[in-house]
Structures are given as C-alpha cells and as structure tokens.
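The values are calculated or read from the model by the stated rules, or taken from the named source; none is laboratory data. Keep in mind that what you see is a predicted model, and the values were worked out from it rather than measured. We place every Cβ from the backbone using ideal geometry, glycine too, and count neighbours over all the protein chains shown.
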Amino acid sequence: MRILALDPADKPALRQWHRTGAAAHRHDRPDTPLWTEDEALLIVTDDDPEERMYPYLVLDEQDEAVGSGIVFVPVLDNLDKAYSSFSVVPAHRGRGAGTAALQHAEEVARAEGRGLLLVQGYFPVSADDGHPVRAFALRHGLRLANAELRRVQELPIPDERIQAWVEEAAAHHEGYELRTYVDTVPEELLPSLVDLHNQLAVDAPTGEIDFEAGQMTVEIFRSQVERRLASGRRALVSVAVHDGATVAHSTLSVPPKGEELPHVSQWGTYVDRRHRGHRLGLAVKAANLRALQREFPERTLVHTTNSPQNGPMVSINEQMGFRPVEVMGEFLLDL
C-alpha cells in the first residue's frame, strides 16, 4: 500500500478521491447524506482561512485506489489538534489500507506540530468493541474520547404539532423576536451570530476532549456562505433576537437541488448561556422545521448529532420525535 497525497489542482485525482470515499460510505451508511462531488472538490480546493486540508488516496500494488482520507489542521484555534477521517473500499478491507491511511494522518499531524489526532468513525448504537470500527481503533491505540448520537426525524410533521411547540416556547420568551432566514442573516445580526458559533465547541459536551472557543470572524463567515451558495447548498437559519443581537440560532443544511434526497442535516442549535431558560432552543428548532417543510417539501429526513450528556438538547430532540440510529465516535490518539 502507498499513499498519494493530492494536489488541489489535480481535479481528476480529487474526483477519484471522492468516488472512493463515497463507495465506502454508501456501503457502510447507505441512509446518511454525503457531500456531493462538486461540493467536496470546492471545499478542498478553496483557500480556507480556518484550516488547512490534506486529502489523500490509498493505492494498492496495482495503483488502484482502495481507500481515501483527509486531514484537517485548524490554524486559528485548537492548535494542538488535527482531525482526520478515512475509509477503505469494502472489497479491499483487511489488507492494510486502513493502517496506511491512519499512519499517513499521524505523519501529517506530527509535521504540523500537533499533539492530538482526532479520528472520526461511526458505528451502531448497540456496537461493542468487536465492531470493525471500534476494533480497528483498539488495535491502533486510539481511545474513544467522545461519543455522540446521530438521530433522525421523518417529515412531514403536522403543522398543528409544530404550532404547539411554538406556543409552548412562546410562553417563556417574551421580549425575544423569532426570525427565519434563507441562506444567511442580515448584516446587522452577523457579529452576534458569529459569536454564538465560536462558543458552541466550548459549551457543548465533548467527552474527555477540551476545545477552545472558535476564532471565526464575520469575514470568514461571509466567505463560507459564498462557498456554500456557489456549490448549490442552501441553509435555513432561525434566530432569536434580543436588543438587536442574535442570542439563539438553529441552522439546517439543505443539499443542492435534486441531490442527496431526502436528507437534510442539522448543522447546529445553540443558545447564548446568558439567555437560557426561555425555551429558545425549542423555539428556533420549531421555526426552522416549519420553514423546511414550506421551502423544501421534498426533504423528508432530518439528521442531527449531539452528545447524550447535552440534557436540554436531548430533551428537545426527543420531544420532537428524533430517534437515535448510530453513534459518531471521536477516537483520540496522543502523538
């Protein structure tokens, strides 16, 4: 096995990289969404001010692509960490491709001066250490440092049910204004929205992994929106506004038209710690689900992921009918 580190200018190789990863994804997790090929290429070839990205292929002795992966290296915050995910085409597993992929991720992380490598892997809720993902991690010295549940919700939801959530929340948030936007929020709300995004990693339960606050700027956020729109991906953003500032938000990510049906991904829901206790989490999620059914009725399956230790959000998700389907594990390797 050998590693082929990919040049962002080599579009044919990058397309092979996406197709190789997609083959493994479709086999292992057929009911989950995936970045489209055009989206993935835009992400890894764009000059991202928040992180450096290192996509790569694993090639066998005949130079056939049997695995693919990527390493993300943040450059604004959490400078002790690198993040990686990789996969192997099902027919070529058990021959060392996964080990080669992990070793390359370790080499990239060390070259970047990182002391921690976080590797993402998914497995069923009922899986034990014998599951292939968990067994691989154990063999290679990775420990499960954080485990989050992916939950799904089928749509449509009767509007009277959504209205009941809206009214339940409204009794607690007098003085707050609920607004929903398609794609992004007005300029005057951006600084406070970016502040919320930066605090999420600090406040959300993350197992034994400690994260610093993000350092995203309004300019970086604008560039992310521009890149998303250029790829055809849409967003629904519901916010709670108090004294002219965003104090809670919920964002749904909608794949490009006609792609990855019927999926939608919950990208984040967060309430400013100074404004909790007003049912704003329920309020913004309910508003966003109503907008989703109105704007994108062909999208009928919502995915969300959060820690089982995040009691308030788990309670909201269960109230809304989200059901757990798998675990997203973050495996930690000390370098």
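Give the residue that is nearest to residue 295 (Cα to Cα), with candidates limited to residues of region 267-277 that are of a type outside the set (Lys, Arg) and surrounded by fewer than 21 Cβ atoms within 10 Å (Cβ to Cβ). Checked region 267-277; the qualifying residue nearest to residue 295 (Cα to Cα) is 267. Applying the condition of being among the polar types (S, T, N, Q), free of Cβ contacts under 8 Å to residues at least 40 places away in the same chain and under 22 Å from residue 123 (Cα atoms) to region 51-101 and asking which residue is surrounded by the most Cβ atoms within 10 Å (Cβ to Cβ) yields 84. Screening region 58-158 for strands (runs of 3 or more DSSP E) wholly inside it with 1 or more residues that are out of contact with any Lys or Arg (no Cβ under 9 Å at 6 or more places or on another chain) and hydroxyl-bearing (Ser, Thr, Tyr) returns the ranges 81-88. Hey, any hits in region 221-233 for a residue that's out of contact with any His (no Cβ under 6 Å at 6 or more places or on another chain), more than 27 Å from residue 117 (Cα to Cα) and not in a helix (DSSP H, G or I)? Looking through region 221-233, at least one residue is out of contact with any His (no Cβ under 6 Å at 6 or more places or on another chain), more than 27 Å from residue 117 (Cα to Cα) and not in a helix (DSSP H, G or I). Scanning region 128-178 for residues that are of a type in the set (D, E, K, R), surrounded by fewer than 16 Cβ atoms within 10 Å (Cβ to Cβ) and either modelled with pLDDT of 95 or more or assigned by TED's automatic domain parsing to the domain that holds residue 290 (or both) gives 139, 143, 154, 159, 160, 161, 167, 168, 174, 177.
Scanning region 13-25 for residues that are under 15 Å from residue 93 (Cβ atoms) and of a type outside the set (S, T, N, Q) yields 21, 23, 24, 25.
Of all the listed residues (143, 134, 151), the sole one being touching a residue at least 12 places away in the same chain (Cβ under 8 Å), over 27 Å from residue 34 (Cβ atoms) and in contact with a Phe, Trp or Tyr (Cβ under 7 Å, 6 or more places away or on another chain) is 143.
Out of 219, 226, report the one residue that is surrounded by fewer than 19 Cβ atoms within 10 Å (Cβ to Cβ), more than 17 Å from the chain's Cα centre (by Cα) and at pLDDT 95 or above.
Answer to the check: 219.
Residues of region 241-253 include at least one that is free of Cβ contacts under 8 Å to residues at least 40 places away in the same chain and either over 27 Å from residue 34 (Cα atoms) or over 22 Å from the mean Cα position of the chain (by Cα) (or both). Here the condition is being farther than 18 Å from residue 203 by Cβ and free of Cβ contacts under 8 Å to residues at least 12 places away in the same chain; of 232, 258, it holds for 258 alone. Tell me, which residue of region 242-279 that is basic (Lys, Arg) and assigned to a helix (DSSP H, G or I) is nearest to residue 296 (Cα to Cα)? In this case the residue turns out to be 273.
Looking at 328, 320, which one is of a type outside the set (Val, Ile, Thr) and either within 26 Å of residue 174 (Cα to Cα) or at pLDDT below 95 (or both)?
Values: 328 fails: either within 26 Å of residue 174 (Cα to Cα) or at pLDDT below 95 (or both).
Only one candidate qualifies: 320.
Could you identify the single residue in 315, 307, 250 that is farther than 23 Å from residue 26 by Cα, touching a Pro at 6+ places or on another chain (Cβ under 7 Å) and not assigned by TED's automatic domain parsing to the domain that holds residue 39? Full working, then the answer.
Working: 315 fails: touching a Pro at 6+ places or on another chain (Cβ under 7 Å); 250 fails: touching a Pro at 6+ places or on another chain (Cβ under 7 Å).
On inspection, the qualifying residue turns out to be 307.
Identify, please: which residue in region 23-57 is polar (S, T, N, Q) and not in a helix (DSSP H, G or I) and is, among those, nearest to residue 98 (Cα to Cα)? Steps first, answer last, please.
We begin by selecting, within region 23-57, every residue polar (S, T, N, Q); these are 32, 36, 45.
If we keep only those that are not in a helix (DSSP H, G or I) too, we end up with 32, 36.
Working: 32: 22, 36: 23 Å.
Of everything passing the filter in region 23-57, 32 is nearest to residue 98 (Cα to Cα).
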